[in-house]
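**Q** Attaching a single structure in structure tokens format; questions to follow.
The values are calculated or read from the model by the stated rules, or taken from the named source; none is laboratory data. Quick caveat, the model's predicted, so the values are computed rather than measured. Quick reminder, even Gly has a Cβ in these numbers, built from the backbone with ideal geometry, and neighbours come from all protein chains shown.
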Amino acid sequence: MSLVGSIQMVNLRVVVTGTVGAGKSTFVRTASEIEVVEIERKITDKISTLKDQTTVAFDFGKLVLDANMDLHLYGTPGQSRFDFMWDILIKGADAYILLVAANQPSDFPYAREIFLFMNKRVQVPMIIGLTHMDCAGALPPADIVKNLDAIKDEIYPTIVTVNPNLKSSVLHALRVLVDLTNRSGFKP
């Protein structure tokens, strides 16, 4: 009689958060191997100049990262009026990525609010994903981190440049986050 070992599938819950227009929904759509669940509505306020729809609850996607790891990706709404969803989504998260549009310095204080909000609720591995680095007016990573006040005890957060439209870029960011999560001693 032979015993065949079974490999247990690990589910890693990853929250993708950030300001309006940073690329959260696009990031989840690009990464997901399933049809993304998107709970969006037509925009009726000043943000309508940026895009037609906005996430009002969450985006959900799934990615099989390797033979024994599934990533469950939850994209948060970017508007503060939906911050009750941030609270729901971050609880139970194993890791998160804060997307920041590098070309929108006026949004940095709000990105900092999101960063502080998440860190008050959970102490999980996180990275900062800089989007729109190829756009006019994009600031260098050091300036963005300083504006986010994300340096703690002279420890810099992990920063990646990510293009939410490119699968290879999104996968790179997720692998960096998973590696950081594994190094932190993640246990399913």
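**Q** Pick from the stretch 57-72 the residues that are aliphatic (A, V, I, L, M) and either at pLDDT below 80 or in a loop (DSSP other than H, G, I, E, B) (or both): which of them is surrounded by the fewest Cβ atoms within 10 Å (Cβ to Cβ)? Break it down into steps so the answer makes sense when it comes.
**A** First pass over the stretch 57-72, keeping only residues aliphatic (A, V, I, L, M): 57, 63-65, 67, 69, 71.
Going one step further and asking which of them are either at pLDDT below 80 or in a loop (DSSP other than H, G, I, E, B) (or both), we end up with 57, 67.
Values: ALA57: 18, ALA67: 7.
Looking at the filtered set, the residue picked out is ALA67.
**Q** Can you tell me which residue among ARG175, ARG183 is out of contact with any Lys or Arg (no Cβ under 9 Å at 6 or more places or on another chain), basic (Lys, Arg) and at pLDDT 90 or above?
**A** On the way: ARG183 fails: at pLDDT 90 or above.
Going through ARG175, ARG183 in turn, just one is out of contact with any Lys or Arg (no Cβ under 9 Å at 6 or more places or on another chain), basic (Lys, Arg) and at pLDDT 90 or above: ARG175.
**Q** Across the stretch 78-123, which residue is surrounded by the fewest Cβ atoms within 10 Å (Cβ to Cβ) among those that are in contact (Cβ under 8 Å) with a residue 60 or more places away in the chain and of a type in the set (Val, Ile, Thr)?
**A** As a first pass, look at the stretch 78-123 and keep what is in contact (Cβ under 8 Å) with a residue 60 or more places away in the chain: 78, 86, 89-90, 92-101, 104, 107, 110-111, 114, 118.
Within this subset, residues satisfying the condition of being of a type in the set (Val, Ile, Thr) are 90, 97, 100, 114.
Details: ILE90: 21, ILE97: 26, VAL100: 32, ILE114: 24.
Among those residues, the one meeting the criterion is ILE90.
Every residue, every condition in (1) surrounded by fewer than 16 Cβ atoms within 10 Å (Cβ to Cβ); (2) within 21 Å of GLU33 (Cβ to Cβ), yes or no:
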{"residue": "TYR74", "(1), (2)": "no, yes"}
{"residue": "HIS132", "(1), (2)": "no, no"}
{"residue": "PRO140", "(1), (2)": "yes, no"}
{"residue": "VAL178", "(1), (2)": "no, yes"}
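**Q** Also: Answer yes or no as to whether TYR96 is farther than 24 Å from TYR74 by Cβ, of a type in the set (Phe, Trp, Tyr) and either in contact with a helix residue (DSSP H, G or I) (Cβ under 8 Å, 6 or more places away or on another chain) or modelled with pLDDT of 95 or more (or both).
**A** Working: farther than 24 Å from TYR74 by Cβ: no; of a type in the set (Phe, Trp, Tyr): yes; either in contact with a helix residue (DSSP H, G or I) (Cβ under 8 Å, 6 or more places away or on another chain) or modelled with pLDDT of 95 or more (or both): yes.
So TYR96 fails the test.
**Q** From the list ASP134, ASP149, which residue is closer than 21 Å to VAL176 by Cβ and either touching a residue at least 24 places away in the same chain (Cβ under 8 Å) or out of contact with any Leu (no Cβ under 6 Å at 6 or more places or on another chain) (or both)? It would help to see each step written out before you state the result.
**A** Numbers: ASP149 fails: closer than 21 Å to VAL176 by Cβ.
Result of the check over ASP134, ASP149: ASP134.
**Q** Kindly establish whether ASN182 is under 15 Å from the mean Cα position of the chain (by Cα) and within 26 Å of THR26 (Cα to Cα). Let's see the steps before the verdict.
**A** Numbers: under 15 Å from the mean Cα position of the chain (by Cα): no; within 26 Å of THR26 (Cα to Cα): yes.
So ASN182 does not fit the description; no.
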